[in-house]
Amino acid sequence: MRVTLLGTGDTTGTPTVGCDCDTCTAARERGVERTRFSVHVENDRTDESLLIDFSPDFRYQFLRDEVPLPDAAVITHIHFDHLDGLGNVFRVLDDLAVYAADETDPRTGASVAETVRDDYHYLDRVTVVPTTPLETERICGLDVTLVPVEHPPLVCYGLAVEDPETGAKLSITGDTSYAVPEESRAVLADPDLLLADAIVPASLCDHHPLGGRHEDAAGVARTFGTKHMTREGALALAAELDAARTRLVHLAHFYPAAEAFEEPLAIDGEQYVL
């Protein structure tokens with residue numbers, strides 16, 4: 001299983017358009033970037049590729065990193081930075097199965113699968129496959145399991161991707177607070193590689209209108225506001241999941257420049273063979 005981090009940034013990416021903060025300036029000077037979130041998984045045994053989320057930067061990411069076009073995809077939730085790149089497949093792919101959760105979102109009255117189908121009805125070469133969370137699907141020769149996480153006000157999912165022959169395992173938290181349900185944690189546990197949402201360091205919670213949540217014994221916030229984990233929360237979750245290796249993703253340009261490119265914060269283009 002070959003994992004390429006196509007996009008490791010949050011909704012605005014780093015460098016952020018029109019921003020000359022120290023972190024965005026440092027990113028330009030270093031020649032690194034964090035585009036909107038997307039992960040590419042290749043199954044070398046079957047010569048197939050699976051894409052996790054369709055970044056608005058889809059075209060640029062695939063040209064930059066020269067990975068194969070996907071044979072199938074998974075959408076974790078309907079926020080634009082995870083979905084709106086789907087339109088880029090027009091005239092690029094002959095057919096594409098897109099897997100998405102079949103649970104109705106009380107907020108929207110539709111499931112992620114229904115929203116993707118309705119929003120992209122004009123893409124007749126895309127087939128949306130409604131998928132039940134916590135039930136494993138065989139996709140591109142890999143076992144994929146969506147798991148519910150907490151990203152209010154919308155439903156959102158993380159996932160585990162396992163190779164049934166080698167046992168290699170990739171876990172992705174999805175966009176979530178630290179309050180990942182126990183049944184989801186059980187599915188995500190023991191990965192060779194964990195990609196964990198860590199939008200900002202806990203020190204920045206004072207700047208959020210809602211502050212921080214899910215403090216540890218030392219009072220360090222593991223959730224920034226209500227939707228995303230802090231760096232400290234993501235690392236705490238990684239320890240609880242017993243991840244062999246952890247990369248922090250969905251990172252905002254609000255990280256202070258001195259911390260923004262330190263381990264284990266990811267940047268675009270990183271590749272791992274599991």
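The values are calculated or read from the model by the stated rules, or taken from the named source; none is laboratory data. Here the structure is a predicted model, which means the values were calculated and not measured. Counting neighbours? That spans all protein chains shown, and the Cβs are built from the backbone with ideal geometry, glycine included. Side chains included, ligands, DNA and RNA excluded: accessible areas come from the protein's heavy atoms. Shrake-Rupley method; radii C 1.70, N 1.55, O 1.52, S 1.80 Å.
Residue count for region 148-181 under the criterion of being over 22 Å from Ile78 (Cβ atoms) and part of a strand (DSSP E or B): the result is 3. Just to check your reading of the model, which residue among Val249, Val180 is of a type in the set (A, V, I, L, M) and farther than 26 Å from Leu63 by Cα? Testing whether each residue is of a type in the set (A, V, I, L, M) and farther than 26 Å from Leu63 by Cα leaves just Val180. Residues that are among the basic types (Lys, Arg) and either touching a Lys or Arg at 6+ places or on another chain (Cβ under 7 Å) or at negative phi (or both) are absent from region 73-94.
Residue-wise test of (1) assigned to a loop (DSSP other than H, G, I, E, B); (2) closer than 13 Å to Asp65 by Cβ.
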{"position": "Val3", "(1), (2)": "no, yes"}
{"position": "Thr12", "(1), (2)": "yes, no"}
{"position": "Cys24", "(1), (2)": "no, no"}
{"position": "His40", "(1), (2)": "no, yes"}
{"position": "Leu50", "(1), (2)": "no, no"}
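Looking at the structure I just gave you, is Phe90 aromatic (Phe, Trp, Tyr) and under 19 Å from Thr11 (Cα atoms)? Here the answer is no, as Phe90 does not meet what is asked.
Quick check, is Leu93 outside any strand (DSSP E or B), touching a residue at least 12 places away in the same chain (Cβ under 8 Å), of a type outside the set (Gly, Ala, Ser) and open to solvent by 10 Å² or more (accessible area, probe 1.4 Å)? So Leu93 passes the test.
When region 59-70 is filtered for residues that are open to solvent by 10 Å² or more (accessible area, probe 1.4 Å) and either part of a helix (DSSP H, G or I) or more than 20 Å from Gly269 (Cα to Cα) (or both), the ones remaining, listed by number, are Arg59, Tyr60, Phe62, Leu63, Arg64, Asp65. Across region 119-147, which residue is surrounded by the fewest Cβ atoms within 10 Å (Cβ to Cβ) among those that are out of contact with any strand residue (DSSP E or B) (no Cβ under 6 Å at 6 or more places or on another chain) and part of a strand (DSSP E or B)? Among those that are out of contact with any strand residue (DSSP E or B) (no Cβ under 6 Å at 6 or more places or on another chain) and part of a strand (DSSP E or B), it is Arg138. Filtering Val147, Val155 for residues that are modelled with pLDDT of 95 or more and farther than 26 Å from Arg45 by Cβ leaves a single hit, Val155. Is there a residue being assigned to a helix (DSSP H, G or I), within 17 Å of the chain's Cα centre (by Cα), at pLDDT 95 or above and of a type outside the set (A, V, I, L, M, F, W, C) anywhere in region 182-190? Scanning region 182-190 turns up at least one residue that is assigned to a helix (DSSP H, G or I), within 17 Å of the chain's Cα centre (by Cα), at pLDDT 95 or above and of a type outside the set (A, V, I, L, M, F, W, C). Scan region 242-251 and tell me whether some residue there is under 24 Å from His77 (Cα atoms), among the β-branched types (Val, Ile, Thr) and outside any loop (DSSP other than H, G, I, E, B). For region 242-251, residues under 24 Å from His77 (Cα atoms), among the β-branched types (Val, Ile, Thr) and outside any loop (DSSP other than H, G, I, E, B): present. Inclusion of Gly225 among residues that are under 15 Å from the mean Cα position of the chain (by Cα), buried (at least 18 other Cβ atoms within 10 Å of the Cβ) and at positive phi is not warranted.
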